[in-house]
Amino acid sequence: MTLNLDRYSHLSDATLMLLRVVTGAFLVHGTWDNVTSSERMQEFVVFLTQNGFAWPQLMAPLSVYAQSACGGLLVLGLLTRWAGLVVAFNFVVAVVMVHWQQDFRGWWPALVLVLLGLHFAAQGGGRYALDAVLARRRPGSRS
């Protein structure tokens with residue numbers, strides 16, 4: 001009997017895909033009301049104003065549409081590294097501007113999204129991503 005669980009390493013591409021899809025779906029779900037409702041977007045503008053953001057009328061839709069688009073890209077595994085960087089940047093800003101004064105529990109959701117974004121930027125989409133399909137079609141390219 002082995003305790004190192006190496007026999008499960010073949011699942012890493014599947015678990016990366018699941019992590020990507022769930023994270024992307026979370027981002028789309030979390031922004032969809034702002035995308036589809038001008039009232040909800042205005043509430044987000046007010047939230048950003050209350051938290052000291054510069055140009056909240058610009059930053060609110062920029063953040064919302066970036067999160068929603070990157071969520072969709074993560075679900076598809078398309079431009080995964082770039083989407084990861086954008087997600088990481090967006091949530092670093094959230095940590096610094098909104099969660100900085102909170103305790104660790106307050107930081108946790110945004111901090112996890114920073115780390116997930118960095119992971120996707122470093123790892124890419126994996127075998128079960130459109131990035132991998134496109135890379136196979138281009139000789140000599142990496143996903």
Within the chain, longest stretch free of exposed trypsin sites (Lys or Arg not before Pro) [DSSP loop, at most 16 other beta carbons within 10 Å]: 1-126
Phe47-Leu115 pseudo-label distance in nm [points 7 Å out on the Cα-to-Cβ vector]: 2.3
FRET efficiency, 1/(1 + (r/R0)^6) with R0 35 Å, evaluated for Thr36 and Arg7 via beta carbons: 0.20
Of (1) 17.3; (2) 16.4; (3) 15.9, the label for Kirkwood radius over Cα pairs in Å derived from the coordinates: (2)
Helix axis angle, 12-36 relative to the chain longest principal axis, alpha carbon, degrees: 20
Helix axis angle, 38-50 relative to the chain longest principal axis, alpha carbon, degrees: 80
Qualifying chymotrypsin sites (Phe, Trp or Tyr not before Pro) for the stretch 69-102 [loop in DSSP, other Cβ within 10 Å: at most 14]: Trp100
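All of the numbers you see were taken from the coordinates with simple rules; none came from a lab. Predicted model only: the values in this text are computed from it and were never measured. Quick reminder, even Gly has a Cβ in these numbers, built from the backbone with ideal geometry, and neighbours come from all protein chains shown.
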